[in-house]
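**Student:** Got a structure for you, written out below as structure tokens; questions coming shortly.
Throughout, read-outs are computed from the coordinates displayed, never taken from laboratory work. Being a predicted model, the structure only gives us computed values, none of them experimental. A quick note on method: Cβ atoms are made from the backbone with ideal geometry, for glycine too, and the neighbour counts reach across all protein chains shown.
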């Protein structure tokens, strides 16, 4: 995908229909209520997987790629199903992590401090991701945990970028929806897509976005959209979600040639889509 690519509106309705169909017939969303005893912290996860690819992985034919989704502040982890379905349709094991709890202190902004004083929040969410990965390795051993795709909206996008900065050996792709605080990782080994809102209430901090020269050198795609910041979740209108899905699908690869492309949905992929995880 070329840098500065425009969102292809003509594909949006088709893309949305494909992922709706697959999510109805072939993608299972399972809630996991985990507890990190070392930190005495509950960690809720919505796990999404396409059942036919899960069966292939369990049979030893391949390993499921892994995508981790981090929620924006005050948005629930279950409110990114439109993103999770894109990845699950392509064969990913998708873990949407509830990064914040009602008991957590509110996010604060301290101008002049690194990450406006939110490093502690990012470290807490980094620990959440590492804990979830450890649990998933037990539940889904037939997945690839060394080439993660990190996804996040708003504060969750900053979490994704921070984790990639701390653990470059584990991350191959980062996708953010309007992260505002953590500067982009500059590395030719990492593919980055970032969709930016056009919302005067949410301003990106200076130094977060790469220069055009840096983006060109390090395979970073910046997509400027007309969307509102808060519409970049399941709460947004269908037109916004479909356009985001189309852009994400293009970033992940050619849907007509990829082995992990969405499949026709006029027939169910499997009949037992509600079966528990193996």
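**Student:** I'd like the distance separating the alpha-carbon centroids of region 180-197 and region 203-253, in whole Å.
**Tutor:** 10
**Student:** Could you order the peptides 170-179, 135-144 from most to least packed, using the average number of other C-beta atoms within 10 Å per residue?
**Tutor:** Ranked from most to least packed, the peptides come out as 170-179, 135-144.
**Student:** Still on this structure: What FRET efficiency do you get for residue 111 and residue 188 if R0 is 30 Å and r is their Cβ-Cβ distance, rounded to the nearest 0.05?
**Tutor:** 0.40
**Student:** Quick one: P(r) of region 135-176 from all Cα-Cα pairs, 5 Å bins, percents rounded to integers, in order of increasing distance.
**Tutor:** Percent of Cα pairs in each bin: 6, 24, 25, 20, 17, 6, 0.
**Student:** Right, something else. Would you mind computing the Rg to Rh ratio of region 9-252 from its alpha-carbon coordinates, Kirkwood style for Rh?
**Tutor:** Rg/Rh: 0.94.
**Student:** A further question follows. What order, most packed first, do the peptides 60-72, 98-110 have when packing is the mean number of other Cβ atoms within 10 Å of each residue?
**Tutor:** 60-72, 98-110
**Student:** Quick one: work out the % antiparallel among DSSP beta bridges in region 9-252, nearest 5.
**Tutor:** Bridges in region 9-252 are about 35 percent antiparallel.
**Student:** Follow-up. Given the peptides 85-96, 29-40, arrange them by the average over their residues of other C-beta atoms within 10 Å, most packed first.
**Tutor:** 85-96, 29-40
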